[in-house]
Every structure is written in C-alpha cells, then in structure tokens.
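Below is one structure, written out as structure tokens; the observations come after it.
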Amino acid sequence: MRTRLFASILALFCLASCEVTPIEVKPSEKDNKYTAADGVAYLYDGTVLPEMHIDISESEWNRLLKAFDRDSNTKEQVVCKVTYDKAGEISVIDSATVRLKGNTSRRRPEGGNGQMHQSGNTDWHHCHFQVNFRKLIKDDAHELHGARKVILKWFKDDPSYVREPYCFDLFRRAGVWTGVHSAYCKLYIHVGNDPEETYFGIYNMIEPIDDEYLKVRKEELGGKKDGFLWKCRYGTSLNSTGADFGADLDDGKEHTYELKTCTDSLDLAVAQIKDFILKLNGKSDESFKQWIATVCDVELLLKTYAVNVCVGMWDDYWNNMNNWYLYFDSHDTYQYKFYFIPYDYDNTLGTSASCGVISDSGRHDPFNWGSSSNPLIYRILKIPEYREAYRQELLRLTDQVKPYFGRDASVARIQDWQSLIREHVSNDTGEDMSIKDEPASWSNHREYRLLDSNNNFFTIRSESIKGYCK
C-alpha cells in the first residue's frame, strides 16, 4: 500500500499544465438522441453569449409571488415557456417550470410583500431562478439538447461579474472533474400581457447537482451513478451522527444533510453516512490513513481543496461547515467510495467576512483553513504524504507561468469574460448596472482588486501561499 501511495503522490507532483478543452456537441449514437452530457456541452461551452427568454402568465407569476410571501424558502414551481437563443439557433420548450433559488440570497422578484404584478409600473428585483424543462412533461421535446434543468444566478455581491465563473473554470483547469459547469447568458422575462419583456441582465447559468450531474460523470464514477447524493447546508461538520438528516421530498422542508437522490431509501442512506461519520471521527491515526485511501480519491480531494483555498473560499466545509455536496457511490452501509463536490463560489477572490478561523482570505494559512472539529481535511493533512501532495498542488496552481491561478493568466481570462458581457450588463431592474473591480460592499477587506496591480488578490494570495509552502 505504501508503494502505491507514493506512486500516486509522485504522479500528482508531475501533472502537466491542464488546459480546458471544449466538449463536442452531438447526439449520442444510440437512437440519435441527446444525452445529459450533450446538454452540458451545449449550454456551457461559453463560446457565445446566449439568450434565455421566459414567458409566464400573470396568474402563474402572481402565484410565485404569493408563494414567496407565505414562505421565502418556497420551492413552488410555476408554469412557463422557455425560448433559448444560441447565436440564432432557437429552441422553444412549452410547459416548463421556473422556481426561485438561493438561501440567504432569496428575494422577491417583484415589488413588496402582498403586492401582485404591476404591469407598466413594475418594481423588478434580481433574484436566482431554476428552470426545469421537463418537470411537467417528461419527453425528449422537454429537454434542451439533453439538459433537463438549469440554475440562473444573478451576480449578487459581485460587482466584477466574474467570481463564480472564474472558480468553476479553475476547478476544471486543475483537473477537478467534480466541479460544475457554468456560462453567461442574457435573461429576459415576460409576464402576462405586458407590452414587452423585461431584460434582467447578465446571469450565470450553472449546472445543477442532481442525478443528471451524476450521469454526466458516469465514467469518472466508474459507472456508479445511482448512489446517495447529499446536499450539505450550514452546520455539516461531519463530526456528529446526531445531526439533521432528511430527504428532499419537494415539500418545502430543508435539512442540514439533505438526500437528493434515491429518497425512498432514506433509512439506508442515513445508516451509510452515519457509518462514514463514525469512522471518520473514531479511527486511530494509522487506521484512518489506511481507511481513507480505500473510500476516497484523496488526490482529487486535495486538488479540490487546493483550488478552494487559492480562491479564498471561506464559506466552505472546513471553515464554515457550508456549501458542498457529498456523494456515496453505493447503497452498501459499509462498502462505498465518497466524493466531495464543491458548490457556491460567489463569495471568493477577496469578497470575505471574518468567519471561523479566517479574518483575511487573501493571507490565511492554507494548511489551517478551518477547525479540527470539522475533521475531514484536517485529518487528511495530518498524514505527511498527503500534506506534501497538497503543498505541491498549491505550488502548481500558483505557478505564475502556468494557466491556473497566476495573476497574468487570471487577468487575461477575466478581461475576456468581461469583454463578452460588458455591453449587456445594464438591465431593466436598475440593479447591478455596471462592472466594477471591487469586492462586495460588506466584505471585510474591500481593498482587494482583481485587475489592478495594487492590492491584487491573485498576487497577494499567491505570495502568501508560497510563504506557507516553504
């Protein structure tokens, strides 16, 4: 085992520069039908700036507003028509649905509490949406080149319009295949008999983490795409079996650990994750070292966390017990492999708060990113071989010559993205009307910049990491 471990670490050290290659978009050969992977390739290739037009009747829109007033965390889905325009290629899907998304970022998309749609005098608000193309009618006509859902996220607290796209792109560049895909789009919403549609501006289209996500990564998962997928909300420390475990039954209830797949097997899924938590916390150091190598792709997890700390993701598992998914690839209580899935990266690249052990995300120690009471990464990094592999991955990412986290390469990518969207940022909501190189207004380090040479986050973070990696 020791020989194989060192061989794996040596392979990690020797990884070459990893450019992102586009995925070819074509129907699968079987029955000439599009697959989930085709849908990902079509939606998120990023070569053009597509448009998504959502048409909703006034009664359905008002139903959404009423649902929000009853419960701001509503999962109410209302009927709509979607028209997707990608460089003149038009796709129309009738009888789709749209719902609100977000946690602390949840907003009412129009007006104030109790107010129904006001045509011609509308107080619009940016908010997050999820569009489901085949919630109501489950056939190929209610997919978009194989895609069944898409998350539409506005750039809340990100005046630069690039933080989350940058992070998701960096995950893929670094070889972290568990990271989701995303791409920019222009969003339009038309309600009822309004004289014209409303332009909501530039949104980030994001791949949902669900059973389709698992299908797209079937090969990387060794064909094991039908396991238990957990959404891990605030409080998911992995240090107690007495936590709140529950299934997503689409009933509006939320759970700290929320089962998203195979929800009819909740008891079995809970038994499995409890076994995982007990072993994670209860094994001796030597027993843990042997066990973690059998249940986890440790190289992949270290790559994931190296990206995480480079971009300054403080609202994460290790520091704040938040914003990640956990996938087990079997239904066996004791025999499984788990995968850590990163999620929600808008509060990064200098946008931060004093939270957990972190007060400055640009300068904080990457080897002590969180508390020992959140044991997963902490225990792995206690193992010298894995700590060294993590150190080497941090150095690889911050190498100024390679196309990862170095300042020049990062600035070039950001400038390309901003050039694509700059003329389309101004919108009919009157919110977030221009691109600015600064963190969120509430950030505890508002001095950080992405493009300016003064207080440049990429420079400061890279230098800080190299100092800790000596």
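The values are calculated or read from the model by the stated rules, or taken from the named source; none is laboratory data. None of the values given here were measured: they were computed from a predicted structure. Every residue, glycine among them, receives a Cβ derived from its backbone with ideal geometry; neighbour counts consider all protein chains shown. Side chains are part of the model used for accessible areas, which takes the heavy atoms of the whole protein and leaves out ligands, DNA and RNA. Shrake-Rupley method; radii C 1.70, N 1.55, O 1.52, S 1.80 Å.
For Ser284, are the conditions met, namely being more than 16 Å from Pro342 (Cα to Cα), in contact with a helix residue (DSSP H, G or I) (Cβ under 9 Å, 6 or more places away or on another chain), open to solvent by 40 Å² or more (accessible area, probe 1.4 Å) and of a type in the set (Ser, Thr, Tyr)?
Values: more than 16 Å from Pro342 (Cα to Cα): yes; in contact with a helix residue (DSSP H, G or I) (Cβ under 9 Å, 6 or more places away or on another chain): no; open to solvent by 40 Å² or more (accessible area, probe 1.4 Å): yes; of a type in the set (Ser, Thr, Tyr): yes.
Judged against the criteria, Ser284 is not a match.
Among the candidates Glu76, Glu110, which residue alone is within 30 Å of Tyr345 (Cβ to Cβ), touching a Leu at 6+ places or on another chain (Cβ under 7 Å) and open to solvent by 50 Å² or more (accessible area, probe 1.4 Å)?
Testing whether each residue is within 30 Å of Tyr345 (Cβ to Cβ), touching a Leu at 6+ places or on another chain (Cβ under 7 Å) and open to solvent by 50 Å² or more (accessible area, probe 1.4 Å) leaves just Glu76.
Evaluate the following for Leu395: is it open to solvent by 20 Å² or more (accessible area, probe 1.4 Å), touching a Leu at 6+ places or on another chain (Cβ under 6 Å) and either among the β-branched types (Val, Ile, Thr) or more than 18 Å from Phe288 (Cβ to Cβ) (or both)?
No.
Which residue is surrounded by the fewest Cβ atoms within 10 Å (Cβ to Cβ), if the candidates are limited to the range 436-457 and must be touching a residue at least 40 places away in the same chain (Cβ under 8 Å) and touching a Pro at 6+ places or on another chain (Cβ under 6 Å)?
Only one residue fits best here, namely Lys436.
Does the range 401-416 contain at least one residue that is open to solvent by less than 10 Å² (accessible area, probe 1.4 Å) and free of Cβ contacts under 8 Å to residues at least 60 places away in the same chain? Let's see the steps before the verdict.
First pass over the range 401-416, keeping only residues open to solvent by less than 10 Å² (accessible area, probe 1.4 Å): 404-406, 410, 414.
In the following step, the residues that additionally are free of Cβ contacts under 8 Å to residues at least 60 places away in the same chain were identified as 406.
The answer is yes; a qualifying residue exists.
For the range 244-251, does any single residue satisfy the condition of being surrounded by fewer than 21 Cβ atoms within 10 Å (Cβ to Cβ), assigned to a helix (DSSP H, G or I) and touching a residue at least 12 places away in the same chain (Cβ under 8 Å)?
Checked the range 244-251: no residue is surrounded by fewer than 21 Cβ atoms within 10 Å (Cβ to Cβ), assigned to a helix (DSSP H, G or I) and touching a residue at least 12 places away in the same chain (Cβ under 8 Å).
With the structure loaded, tell me whether Pro366 is touching a residue at least 24 places away in the same chain (Cβ under 8 Å), touching a strand residue (DSSP E or B) at 6+ places or on another chain (Cβ under 9 Å) and either of a type outside the set (A, V, I, L, M) or open to solvent by 30 Å² or more (accessible area, probe 1.4 Å) (or both) or whether it fails that test. Explain how you work it out, then say what you get.
Values: touching a residue at least 24 places away in the same chain (Cβ under 8 Å): yes; touching a strand residue (DSSP E or B) at 6+ places or on another chain (Cβ under 9 Å): no; either of a type outside the set (A, V, I, L, M) or open to solvent by 30 Å² or more (accessible area, probe 1.4 Å) (or both): yes.
Taking the combined requirement at face value, the residue does not satisfy it.
Only one of (1) under 20 Å from Gly201 (Cβ atoms); (2) within 23 Å of the chain's Cα centre (by Cα) is not met by Ser443, so which one is it?
Failing condition for Ser443: (1).
Count, please, the residues in the range 80-105 that happen to be open to solvent by 60 Å² or more (accessible area, probe 1.4 Å) and either touching a Lys or Arg at 6+ places or on another chain (Cβ under 7 Å) or on the phi < 0 side of the Ramachandran plot (or both).
7
Tell me which of these Ile460 doesn't satisfy, since it passes every other one: (1) within 29 Å of Leu238 (Cβ to Cβ); (2) assigned to a helix (DSSP H, G or I).
(1)
Among the residues that make up the range 308-331, is at least one of them among the β-branched types (Val, Ile, Thr) and either crowded, with 19+ Cβ neighbours inside 10 Å or in a helix (DSSP H, G or I) (or both)?
Yes, there is a match, as at least one residue in the range 308-331 is among the β-branched types (Val, Ile, Thr) and either crowded, with 19+ Cβ neighbours inside 10 Å or in a helix (DSSP H, G or I) (or both).
Could you count how many residues in the range 42-66 are open to solvent by less than 40 Å² (accessible area, probe 1.4 Å), part of a helix (DSSP H, G or I) and in contact (Cβ under 8 Å) with a residue 24 or more places away in the chain?
Residues meeting the conditions: 6.
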